[in-house]
Amino acid sequence: MPRTTQSFCPLDCPDACSLEVQTDDGRVVRVDGDHRNPVTQGFICTKVRHLPQHLYGDHRLLHPQLRDGAKGEGRFRRVSWDEALDHVAERLRQVGQEHGGEAILPLSYGGSNGLLSQDTTDARLFRRLGASRLDRTVCAAPSSRAVLGLYGRIPGVAPQDYADSKLIVIWGSNPSVSGIHQVPYIRRALARGGRLVVVDPREIPLARQADLHLALRPGTDLPVALAVVRHLFETGRADLDFLARHATGVDELRRRAQRWTLEAAAAEAGIEADQIARFTDLWAAASPAIVRCGYGAERNRNGGSAMAAILSLPAVAGKFGVRGGGYTMSNAAAFDLDTEKAIAAPPAATRRINMNQTGRALLGEKPYQSGPPIKALIIYNHNPLMTLPDQRRLQRGLARDDLCTVVVDPVMTDTCRWADVLLPATTMLEQAELQRGYGTMILQQADRVATPPGEARSNHEIFLDLVRRLGLEHAGDPTDLDAFRRAALASSGKGEELAEELAAEGTAFPSHGKTPLPFVDFFPATADGKIHLCAAALEAEIPGGLYSYRQDPATQRYPLALISPATQRTISSSFGQLVDRREGLEMHAQDAEKRGLDDGAAVRVFNELGEVRCALKVSRRQRPGVVFLPKGLWSHSTDNGATANALVPDRLTDLAGGACFNDARVEVEAATSD
Ligand SMILES: Nc1nc2c(c(=O)[nH]1)N[C@H]1C(S)=C(S)[C@@H](COP(=O)(O)OP(=O)(O)OC[C@H]3O[C@@H](n4cnc5c(=O)[nH]c(N)nc54)[C@H](O)[C@@H]3O)O[C@H]1N2
Ligand SMILES: Nc1nc2c(c(=O)[nH]1)N[C@H]1C(S)=C(S)[C@@H](COP(=O)(O)OP(=O)(O)OC[C@H]3O[C@@H](n4cnc5c(=O)[nH]c(N)nc54)[C@H](O)[C@@H]3O)O[C@H]1N2
Ligand code: SF4
Ligand SMILES: [Mo]
């Protein structure tokens, strides 16, 4: 029977579209936007419009399977759930007995990103096993830590409020791809005479409409932002009154910015000093003025300090307190929720492993030489082989014959090929979910809309079963998924209110009517309610101190900066199985000419970590010296199966152990057919 049901998209995307889903006999036949999320306004991206291809395509995993060939070969045989889960339980028990719980590592990230598909019974299982703990740092770690240090756990400006801005700065973000519902509000501001500035090494679509485009070299945001800070102070345009009332660390910030004259920052960033001066003029003069900080600026050695410096700009120039003024980073704190209570197991104080260095951890390399070797790896909500740094090292780790790898995923990803046990998972629309937007300020809940295909089971069902099989169940454990939903709502301190609001339409908003305004409706959530421009906690973490600059890692041998930001075709690597064409490396015409390479040539992109063989696309859409490969490609999209992460070092950002995806430095040459 055809049915239309309301749901929402929980994917790792800031927009959090509310959806209208048509099903027929439990099968999704059509997905469209609806209007309950006022920001997403009834339209959705092409990927999710084509969701049935993802849910019911050839790559869908339908049954549990055990490895039936060599590691990485991708040969499996179908088994029953009982056999598969007994096998996993037995292995976990044995590893725990022989090597201790820390020899077990859960490896997970966003998956379909809802609050009910992670940190529920998975956390219960791994805490009770005393497993190693994973630092989930692949994304947003430096930026979250910077926001927390400067402003505390508060959201920023809502997407709708951009329509009121007179100046919008898009800094290291590409909303035309990574948050498409932001764009109409930017257009509205421009139609009302607002100005637009883009800070990005690439000519992103919005750069074509911008009044100013700072096409800086990747990783040089810190000097540029500090030069703006310095210039604001030097020219008497810092808002000293606002700073005196609302900030600490002002003199220290000013002192640290002193080194960055317009000329010094411009030289480092490869742009003109006049452009930074013009940026400062626009920023000082306009009100309301806002900066949309994207994740592009955090993915390098200076990421944490760079984010802090960018986030200081609305404070230094006094941009808060008016609608459309301030900054946006993540808005997840508009609903501060966690499922902790229902996990019913305290966090174990076991060893921590930074996911960006999973390869090292699996190989027992520095800094993971102490402690037991990792003998069991449980991967869920994650496609690490295609999304983590240093792909070859990780692959060497996954190839270890003595490692038992379990992968729980709805589709047969490249990571799945390295599994010993493959477990088919449900995904969005096939499970009850609760989710808050991290761009749009909205909380949404929905029941299962579609019947899981084959024998797919939810993470919750799978991990609950393993808790039982391993005899780790305690009397009184919440076992029903709804208990986690209620715990999450209750953790906000206004559970009943939210539950009532959600029951009506499936949606809840942080305030009724207008969106909440920083410095009007809420203030920094720091101990003294002030902005900490030189937060002690950040200071302590960075060798050399906050705002200290690390040089570009380029060498003569590897002079080109390889960046790999989001594209419209995938969400991270999700949907990558549907990208069937051969993907190319984008390079500036000048760089191509210097190397005697023509558009469409087969090239080899390489450094000391590895090589990617693919086609060349000559363009003028990024500054010379910068090349671009899409984030989230699967192995079938390049000629040799390696993707951008084969060239990405696993060094960490200055703050919070983040990934340095955009610190890859490479050379490119014609590929010889050997
Ligand atoms: N369609 C689609 N949407 C997505 C995603 C996706 O994969 N596809 N991913 C989702 C996720 S997980 C996230 S975290 C967000 C990410 O979305 P964004 O915040 O937009 O971040 P990125 O895509 O990493 O990069 C954004 C821009 O930063 C630029 N950039 C690269 N290096 C630098 C630098 O050093 N400085 C500056 N100023 N700019 C730089 C890139 O050229 C790029 O245009 O998007 C989410 N939305
Ligand atoms: N080169 C480069 N690499 C990057 C980035 C970059 O900018 N450049 N960006 C990084 C960023 S921003 C992020 S957030 C990471 C994301 O990296 P990942 O966390 O690996 O994200 P996805 O690639 O979307 O993979 C999520 C996996 O979870 C599966 N999944 C979906 N729903 C469920 C479910 O309910 N249960 C289970 N068990 N599985 C499910 C999906 O099928 C998919 O295979 O990638 C990072 N990788
Ligand atoms: S991926 Fe983003 S834009 Fe696409 S439907 Fe989901 S929330 Fe909306
Ligand atoms: Mo991300």
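The values are calculated or read from the model by the stated rules, or taken from the named source; none is laboratory data. None of the values given here were measured: they were computed from a predicted structure. Every residue, glycine among them, receives a Cβ derived from its backbone with ideal geometry; neighbour counts consider all protein chains shown. Heads up: the accessible areas ignore ligands, DNA and RNA and are worked out on the full protein's heavy atoms, side chains in. Shrake-Rupley method; radii C 1.70, N 1.55, O 1.52, S 1.80 Å.
Only residues that are under 31 Å from the mean Cα position of the chain (by Cα) and of a type in the set (A, V, I, L, M) were counted across region 239-283, and they come to 11. It is to be established whether one or more residues within region 35-51 are at pLDDT below 95, open to solvent by less than 10 Å² (accessible area, probe 1.4 Å) and in contact with an Asp or Glu (Cβ under 6 Å, 6 or more places away or on another chain). Within region 35-51, one or more residues are at pLDDT below 95, open to solvent by less than 10 Å² (accessible area, probe 1.4 Å) and in contact with an Asp or Glu (Cβ under 6 Å, 6 or more places away or on another chain).
Can you list residue pairs whose Cβ atoms sit under 7 Å apart, with the first residue in region 47-71 being over 20 Å from His636 (Cβ atoms) and the second being open to solvent by less than 30 Å² (accessible area, probe 1.4 Å) and in a helix (DSSP H, G or I)? Count only pairs 6 or more apart in sequence or on different chains. Pairs that qualify, where the first residue is over 20 Å from His636 (Cβ atoms) and the partner is open to solvent by less than 30 Å² (accessible area, probe 1.4 Å) and in a helix (DSSP H, G or I), are Pro64/Trp81; Pro64/Ala84; Leu66/Ala84. If you filter region 578-590 down to residues that are crowded, with 21+ Cβ neighbours inside 10 Å and within 24 Å of the chain's Cα centre (by Cα), you find that the one that is farthest from ligand 1 (Cβ to nearest atom) is Gly584.
Is at least one residue of region 636-645 surrounded by fewer than 17 Cβ atoms within 10 Å (Cβ to Cβ), in a strand (DSSP E or B) and over 21 Å from the mean Cα position of the chain (by Cα)? Within region 636-645, none of the residues are surrounded by fewer than 17 Cβ atoms within 10 Å (Cβ to Cβ), in a strand (DSSP E or B) and over 21 Å from the mean Cα position of the chain (by Cα).
Look at (1) within 18 Å of Ser305 (Cα to Cα); (2) part of a loop (DSSP other than H, G, I, E, B); (3) open to solvent by less than 10 Å² (accessible area, probe 1.4 Å) and you find that Ser143 fails only one, number (2).
Output yes when any residue across region 222-237 is charged (D, E, K, R) and within 15 Å of ligand 1 (Cβ to nearest atom), and no when none is. No, there is no match, as no residue in region 222-237 is charged (D, E, K, R) and within 15 Å of ligand 1 (Cβ to nearest atom). Among the residues making up region 549-564, a single one is surrounded by 14 or more Cβ atoms within 10 Å (Cβ to Cβ) and of a type in the set (S, T, N, Q): Ser564. No other residue among Asp200, Asp211, Asp239 is over 25 Å from Thr570 (Cβ atoms) and in contact with a Gly (Cβ under 9 Å, 6 or more places away or on another chain) apart from Asp239. Listed by first and then second residue, the pairs with beta-carbon distance under 8 Å, at least 6 apart or on different chains, first residue in region 4-22 and of a type in the set (Val, Ile, Thr), second part of a loop (DSSP other than H, G, I, E, B) and away from ligand 4 (no atom under 16 Å from the Cβ), are Thr5/Val449; Val21/Leu429; Val21/Val449; Val21/Ala450.
Can you find even one residue in region 76-84 that is without any contact (Cβ under 8 Å) to a residue 12 or more places away in the chain, small (Gly, Ala, Ser), surrounded by fewer than 21 Cβ atoms within 10 Å (Cβ to Cβ) and farther than 17 Å from Leu377 by Cα? Can you show your working first?
Taking region 76-84 as the starting set, the residues that turn out to be without any contact (Cβ under 8 Å) to a residue 12 or more places away in the chain are 82.
Keeping just the survivors that are small (Gly, Ala, Ser) gives none.
Taking every residue of region 76-84 in turn, none turns out to be without any contact (Cβ under 8 Å) to a residue 12 or more places away in the chain, small (Gly, Ala, Ser), surrounded by fewer than 21 Cβ atoms within 10 Å (Cβ to Cβ) and farther than 17 Å from Leu377 by Cα.
Taken over region 422-442, the criterion of being more than 13 Å from ligand 3 (Cβ to nearest atom), over 21 Å from the mean Cα position of the chain (by Cα) and surrounded by 23 or more Cβ atoms within 10 Å (Cβ to Cβ) is satisfied by Leu422, Leu423, Pro424, Ala425, Thr426, Gln431. In the set (1) under 25 Å from Ala504 (Cα atoms); (2) within 16 Å of ligand 1 (Cβ to nearest atom); (3) surrounded by 22 or more Cβ atoms within 10 Å (Cβ to Cβ), the condition left unmet by Val28 is number (2).
The lone criterion from (1) in contact with a Lys or Arg (Cβ under 6 Å, 6 or more places away or on another chain); (2) within 11 Å of ligand 1 (Cβ to nearest atom); (3) open to solvent by 10 Å² or more (accessible area, probe 1.4 Å) left unmet by Asp164 is number (2). Any chance region 80-89 includes a residue that's within 16 Å of ligand 2 (Cβ to nearest atom), out of contact with any helix residue (DSSP H, G or I) (no Cβ under 9 Å at 6 or more places or on another chain) and at negative phi? The answer is yes; a qualifying residue exists.
Please count how many residues of region 335-363 are among the basic types (Lys, Arg) and open to solvent by 50 Å² or more (accessible area, probe 1.4 Å). Spell out how you get there, then give the answer.
If we filter region 335-363 for residues that are among the basic types (Lys, Arg), which is where we start, we get 341, 351-352, 360.
Then drop every residue that is not open to solvent by 50 Å² or more (accessible area, probe 1.4 Å), which leaves 341, 352.
So the answer is 2.
Report, by residue number, each residue of region 150-202 that is closer than 18 Å to Tyr295 by Cα, among the hydrophobic types (A, V, I, L, M, F, W, C) and either assigned to a loop (DSSP other than H, G, I, E, B) or more than 16 Å from ligand 3 (Cβ to nearest atom) (or both). Residues satisfying the conditions are Leu150, Ile154, Val157, Ala158, Ile168, Val169, Ile170, Trp171, Val197, Val198, Val199.
Counting only residues that are of a type in the set (A, V, I, L, M, F, W, C) and more than 10 Å from ligand 2 (Cβ to nearest atom), which one in region 108-140 is farthest from Ser312 (Cα to Cα)? Full working, then the answer.
Taking region 108-140 and keeping what is of a type in the set (A, V, I, L, M, F, W, C), we get 115-116, 123, 125-126, 129, 131, 134, 138-140.
From what's left, more than 10 Å from ligand 2 (Cβ to nearest atom): 115, 123, 125-126, 129, 131, 134.
Values: Leu115: 31, Ala123: 36, Leu125: 41, Phe126: 39, Leu129: 43, Ala131: 39, Leu134: 30 Å.
Only one residue tops the list, namely Leu129.
Across region 249-294, what is the total count of residues that are among the small types (Gly, Ala, Ser), outside any helix (DSSP H, G or I) and away from ligand 2 (no atom under 16 Å from the Cβ)? Selection size over region 249-294: 5. Take the conditions away from ligand 1 (no atom under 16 Å from the Cβ) and open to solvent by less than 20 Å² (accessible area, probe 1.4 Å) and apply them to Thr567. Does it pass? Criteria not met by Thr567. Picking from residues in region 295-331 that are open to solvent by 20 Å² or more (accessible area, probe 1.4 Å) and in a helix (DSSP H, G or I), the one that is nearest to Phe509 (Cα to Cα) is Tyr295. Of everything listed in (1) without any contact (Cβ under 8 Å) to a residue 12 or more places away in the chain; (2) crowded, with 24+ Cβ neighbours inside 10 Å, the single unmet condition for Lys366 is (2).
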